[in-house]
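See below for the structure under consideration.
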Amino acid sequence: MIAIRRLSAWTCRLGATCVVALYALCAWADNGTSESQEAVAHESAPLAYFLRSKGPAAHPVLRLDWILTAICCFVCLAIAVMLIIAMFRRRKQQDPRALTSKGGVSFVYVGTAISTVALLGIGVYMLMVLAEVADPPRTPALTVTVTAYDWWWKVDYGDGPTHFTTANELHIPVGVPVLVQLKSADVIHAFWVPELSGKTQTIPGVVNRQWIQADRPGVFRGQCTQYCGLQHAHMAFEVYAEPQAEFERWMTAQRAPAPAPSTVQAVRGAKLFEERCAGCHTVRGSPAAGVQAPDLTHVLSRRLIAAGTVVNTPDNLMNWVQHVQEIKPGTLMPDMKLTPAEAGDLSAYLAALR
Ligand code: HEC
Ligand SMILES: [Cu+2]
């Protein structure tokens, strides 16, 4: 009896050590990567779903993660320890022709009972977490519509004359619940901002709902989490949680149409854009009204382009336009063949879309 008690204490201690080690490993990976990937996604890579939750829709999920991990570690260890004991504690030799063997069956009953209770408990706890995060604590302060495309995200704000569209970037006011209506334009994707909420699928023909809330200002990385084809891994986005005033300034700036091109070069660039890009892209305030690609009215205001793949600098932008298929092979924009003069004109036009 004493031996068993000592053994179970030892197993518990080892389980706890495993969980702590796992946590340390996550923290280490998190630090290492955020330094080396500074250029791509500051403070948000990797997704850190085992480390931080920054809002009420994510806190219960993080707690669930760790409790389940602890239980799983404990079960693995307990089984390993019992196996080892079984290997070393042989029974007395028996007559090999004997038909009956005694003892040991009670372990089956005890094991089944413990597993049943544990699994039922976990099931109930999971349902409680689901209920806890199903609805926001109060009426959402804002509703946005996010539509998933192969392989980027369209974000729509407001309707009627105040409506505007952006891509791969979700701005929200801090400290209030925001309702995200989720749609898909093609296949099944899934919306996930680990620090702000659990995962929700986007399904063609269905409008799903997920609420998010950030307790503090910050940038939170999101990722498509349902395999959707070749560039699924490059289908990220960022959520910017901002104080109300800053958020409203951003909205006002985004609502404005693009200014008319002001230099001769930019006018040439605008014409080129209409001929070569307008079939897919929209620039409000110009005749370009394509719908199958990101709205570029304020493309320069975005930190990243191509669904989190490229940092948005003037050089990277023109490199993207001309070498899309090298940067994001298979994506639904073709490489644009431009002469150096055309690239200069287009660049001058795009530079005003901020
Ligand atoms: C056949 C349709 C098509 C044409 C034509 C096209 N694009 Fe695109 N473009 C796309 C798609 C689709 C994406 C999204 C790619 C992704 O992220 O996977 C995109 C993305 C972009 C982006 C990144 C936007 C962001 O916020 O992530 C820029 C900039 C861009 N295109 C510029 C241009 C320019 C300039 C032209 C014309 C020279 C052009 N595109 C022509 C389909 C097109
Ligand atoms: Cu995907």
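The alpha-carbon of residue 271 sits under 30 angstrom from the alpha-carbons of these lysines, leaving out residues fewer than 8 places away in its chain: 154, 328, 337. Taking the DSSP bridge list for the range 142-255 and keeping only pairs wholly inside it, about 65 percent are antiparallel.
Here the Gaussian network model covers the chain, with springs between Cα atoms less than 10 Å apart; of 241, 293, 86, 86 fluctuates the most. Out of 181, 245, 170, whose Cα points farthest toward the positive end of the dipole of the range 142-255 (charges: +1 Lys, Arg; -1 Asp, Glu; placed on Cβ)? Checked the options; the winner is 181. Set against the 2.2 N^0.38 Å expectation for a compact globular protein, the range 264-350 has a Cα radius of gyration ratio of 1.01. For the charge dipole of the chain, defined by +1 on Lys and Arg C-beta atoms and -1 on Asp and Glu C-beta atoms about the Cα centroid, which residue among 50, 348, 321 has the Cα displaced farthest towards the positive pole? In the chain, that residue is 50. The convex hull built on the alpha-carbon positions of the chain has an orientation-averaged projected area of 24.9 nm². Measuring how big the range 142-255 is from its alpha-carbon positions, Rg and Dmax come out at 13.4, 39 Å.
Every read-out reported here was derived from the displayed coordinates using simple, explicitly stated rules and does not represent laboratory data. As the structure is a computational prediction, the values presented were derived from the model and not from experiment. Glycine gets a Cβ as well: all are built from the backbone with ideal geometry, and neighbour counts include every protein chain shown.
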